[in-house]
Amino acid sequence: MDQSIFEKLNGSKKILVTGGAGFIGSAVIRKLLKETSAKIFNLDKLTYASDLTSINKLLEDLGDSARERYSFFKVDLFDEKSTIDVVNEISPDIIMHLAAESHVDRSIEGPKVFLQSNILGTFNLLNASLGLYRSLPNQKKENFIFHHISTDEVYGSLGPEGFFSERSPYDPRSPYSASKASSDFLVNAWFHTYNLPIVITNCSNNYGPWQFPEKLIPVTIDNAVRGNNIPIYGDGLNIRDWLYVDDHVDALFQVVCRGKLGSSYCIGGNNEKTNIDCAKEICLTLDKLKPKEFPYKKQISFVKDRLGHDRRYAINASKIREELGWEPQTNFSEGINKTVTWYLKNTDWVKKMKKRFK
Ligand code: NAD
């Protein structure tokens, strides 16, 4: 990635990352620790989905200078006072807001916490950020930015043709996507009404190391390796546009450093796969990396479909490509290879995280 992009993140810049103990947030923090000299503040509620192992391991490797640049704050964004207090205490230059409840199936079973964290949590963070922004001297105001990290699921479900883009109408259909759509609207409103400098990104499905083992790709790897049935919803023909997590992180840095204020950017892998093809690719990779007497794909088994299961997501990422020069660097077989290799080496971590399933 172009190193000049990190200039904006260097020096005494203070970057607040919310949800930094989650899958994507921890990848953002690892990259900031490795590639910048910024001060990094990780704010997270530490839900069942969070884990700080990857960051702590990296801090050990990088030593004192990195440790001095990093702090962790256990805060629930639903708690208004704590959110205001911590934002004022840190006084960040840049906020990258990733904290959210993120699992669609859980949102169907228990939507309330999704509304609390994703909508009211974002509202509390916006209000705290606006209070801080208004108090800043002009020069700091010019550099301040609030980056809201969202999903392509806000656009609903596509038929066999077409792509989502920044101009697509919002049409969320699950409690998760409805809560994320609401938070996008709030962030936009804080830009237009209060002039808070914001950017929004809407990304397709991510995969890679350290993803909580309730999401499709780690679930498939884990069941395959354990000799269990590999569950696939419905007819397996739902389509997702998969993006390797480090490519998403690079896109986030491009947008937070160079994105147009008040804009949104769609981020996608240009890599549409049906769920069944995705599972088959994982099985083929396992056949090579951990062969056994029969192909792993024999374990694939279809299960009752998810309620309101969106059929197809696909992103037209031409805006971020043309304006900011970002393109995904990792093709699907390479990304799956890296991911499966990582999960094969980290079975203890998977075991630890699975103990948190309810
Ligand atoms: P994740 O579930 O792995 O991590 C989310 C983190 O947010 C967790 O560490 C959790 O403890 C924290 N959190 C939740 N509620 C909180 C609250 N009230 N206060 C403070 N912290 C809280 O999720 P992820 O996959 O890393 O996703 C991160 C962000 O990216 C989310 O906003 C998600 O909507 C968005 N996104 C994810 C994907 C994907 O495929 N995973 C794709 C596009 C966008």
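Among the residues that make up region 247-264, is at least one of them away from the ligand (no atom under 13 Å from the Cβ) and within 26 Å of Asn346 (Cα to Cα)?
Within region 247-264, one or more residues are away from the ligand (no atom under 13 Å from the Cβ) and within 26 Å of Asn346 (Cα to Cα).
Filter region 238-249 down to the residues that are part of a strand (DSSP E or B) and either open to solvent by 10 Å² or more (accessible area, probe 1.4 Å) or not hydrophobic (A, V, I, L, M, F, W, C) (or both) and list them by number.
Scanning region 238-249 gives Ile239, Arg240, Asp241, Tyr244.
Give region 341-358 a look and list any residue that's touching a residue at least 60 places away in the same chain (Cβ under 8 Å), open to solvent by less than 60 Å² (accessible area, probe 1.4 Å) and of a type in the set (Val, Ile, Thr), or say none.
Correct list: Val350 only.
Looking at region 41-56, can you tell me whether even one residue there is more than 16 Å from the ligand (Cβ to nearest atom) and on the phi < 0 side of the Ramachandran plot?
Within region 41-56, none of the residues are more than 16 Å from the ligand (Cβ to nearest atom) and on the phi < 0 side of the Ramachandran plot.
I'd like the residue in region 165-216 that is basic (Lys, Arg) and within 16 Å of the ligand (Cβ to nearest atom) and, out of all such residues, is most open to solvent (accessible area, probe 1.4 Å).
Arg173
What single numbered condition from (1) out of contact with any strand residue (DSSP E or B) (no Cβ under 9 Å at 6 or more places or on another chain); (2) within 14 Å of Leu98 (Cα to Cα) fails to hold for Asp51?
(2)
For (1) modelled with pLDDT of 95 or more; (2) small (Gly, Ala, Ser), each residue gets a yes or a no:
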{"position": "Pro175", "(1), (2)": "yes, no"}
{"position": "Ala181", "(1), (2)": "yes, yes"}
{"position": "Gln211", "(1), (2)": "yes, no"}
{"position": "Arg240", "(1), (2)": "no, no"}
{"position": "Ala251", "(1), (2)": "yes, yes"}
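Among (1) away from the ligand (no atom under 14 Å from the Cβ); (2) open to solvent by 40 Å² or more (accessible area, probe 1.4 Å); (3) farther than 27 Å from Arg258 by Cα, which single condition is Gly162 missing?
Failed condition: (2).
Tell me, which residue of region 90-108 that is among the polar types (S, T, N, Q) and buried (at least 19 other Cβ atoms within 10 Å of the Cβ) is nearest to Ser150 (Cα to Cα)?
If we take residues in region 90-108 being among the polar types (S, T, N, Q) and buried (at least 19 other Cβ atoms within 10 Å of the Cβ), then Ser102 is nearest to Ser150 (Cα to Cα).
Please pick out the residue among Lys8, Lys13, Lys31 that is over 20 Å from the mean Cα position of the chain (by Cα) and more than 16 Å from Ile90 (Cα to Cα).
Exactly one residue qualifies, and that residue is Lys8.
Where residues in region 130-159 are more than 14 Å from the ligand (Cβ to nearest atom) and of a type in the set (S, T, N, Q), which of them is least open to solvent (accessible area, probe 1.4 Å)?
Ser157
Take region 325-347 and flag every residue that is of a type in the set (Phe, Trp, Tyr), farther than 12 Å from Ile221 by Cβ and in a helix (DSSP H, G or I).
The first filter runs over region 325-347 and keeps only residues of a type in the set (Phe, Trp, Tyr), leaving 326, 332, 342-343.
Now drop any that are not farther than 12 Å from Ile221 by Cβ, which leaves 326, 332.
Correct list: Phe332 only.
The values are calculated or read from the model by the stated rules, or taken from the named source; none is laboratory data. Here the structure is a predicted model, which is why all the values come from computation and not from measurement. Don't worry about glycine lacking a Cβ; one is built from the backbone with ideal geometry, like all the others, and counts go over all protein chains shown. Surface accessibility is based on the protein's heavy atoms, side chains included, excluding ligands, DNA and RNA. Shrake-Rupley method; radii C 1.70, N 1.55, O 1.52, S 1.80 Å.
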